[in-house]
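The values are calculated or read from the model by the stated rules, or taken from the named source; none is laboratory data. Keep in mind it's a predicted model, so treat the numbers as computed, not measured. For neighbour counting, all protein chains shown are included, and Cβ atoms are generated from backbone atoms with ideal geometry for every residue, glycine included.
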Amino acid sequence: MKRLLAIATLVVFTLSVSGLLLAQSDPFLGTWKLNVKKSKFAPGLERKSETRIVVSSPTGMKVSIKRVNGDGTTQEYEYTANLDGKKYPIVGQGPYGADSIAVNLTAPNTLQSTLTKDSNVVATGTSVVSGGKVLTITVKSNDANGKQSSSVAVYDKQ
C-alpha cells in the first residue's frame, strides 16, 4: 500500500512539473502591458494603454485585449485560435473592424497573423517575443482611402 501511494505521488508530481514546464516554454503566455513610449502608431491608431492576456486553451491560445485608444475610447475583444492559419472569430470590437483572425506559428517566438472583415484582409501582423520579456507586434493595414500604414506596439511582460 505504501509503495502504491509513493508511485501515485510521483506520478502526480511529474505531471504537475511537466505542465509548468510546458506553460513556461510558450513565450506568448502571460499578461503583457503596452509600453507607449517605445511604441510607434500610425496617425489615428494611437493608444494610451493596453493589456493583453494570453492563456493556453484546449484549441491553442486564448487572447483577451483591453485597450484605451488615443482619443480616449475603449476597445475590448478576444479570440481563441489554433496556430494553424485557419480563420477564428473575434468576439467584441476587433482591431481595424476585423471579425476574424488567422494565426501561424512561424518560429518558437514568432507569430504571423491575418485580420479579416467579411473575408477581406484588413491588416497583417508579426508578433515576436524577445528575451522572454518583450513582445513586439508590427502591423500593416490600409486606411479607408487604401493608403497603407504601419504601427509597432511594444509590450512588457508582467
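Here Thr73 clears all of (1) of a type in the set (S, T, N, Q); (2) surrounded by fewer than 13 Cβ atoms within 10 Å (Cβ to Cβ); (3) within 12 Å of the chain's Cα centre (by Cα) except the condition numbered (3).
Among the residues that make up the stretch 72-86, is at least one of them closer than 14 Å to Ala153 by Cα and of a type in the set (A, V, I, L, M, F, W, C)? I'd like the intermediate steps shown before the answer.
Taking the stretch 72-86 and keeping what is closer than 14 Å to Ala153 by Cα, we get none.
No; the residues of the stretch 72-86 include none that is closer than 14 Å to Ala153 by Cα and of a type in the set (A, V, I, L, M, F, W, C).
A search for C-beta distances below 8 Å between a residue of the stretch 115-135 that is under 18 Å from Asn104 (Cβ atoms) and any residue that is among the hydrophobic types (A, V, I, L, M, F, W, C) and not in a strand (DSSP E or B), counting only pairs 6+ apart in sequence or on different chains, returns Leu115/Ala98; Thr116/Ala98; Val122/Ala98; Ala123/Ala98; Ser127/Phe28; Val129/Phe28; Leu135/Phe28. Summed over the stretch 121-145, the residues that are under 18 Å from Ala102 (Cβ atoms) and of a type in the set (A, V, I, L, M, F, W, C) give a count of 6. Looking at the stretch 68-80, can you tell me whether even one residue there is at pLDDT 95 or above, under 23 Å from Lys147 (Cβ atoms) and not polar (S, T, N, Q)? The answer is yes; a qualifying residue exists. For the stretch 102-124, taking the residues that are more than 21 Å from Phe28 (Cβ to Cβ) and in contact with a helix residue (DSSP H, G or I) (Cβ under 6 Å, 6 or more places away or on another chain), the one that is surrounded by the fewest Cβ atoms within 10 Å (Cβ to Cβ) is identified as Lys117.
Search the stretch 136-158 for residues being touching a residue at least 12 places away in the same chain (Cβ under 8 Å) and not in a strand (DSSP E or B), and hand back the single one that is surrounded by the fewest Cβ atoms within 10 Å (Cβ to Cβ). Within the stretch 136-158, the match that is surrounded by the fewest Cβ atoms within 10 Å (Cβ to Cβ) is Gln158.
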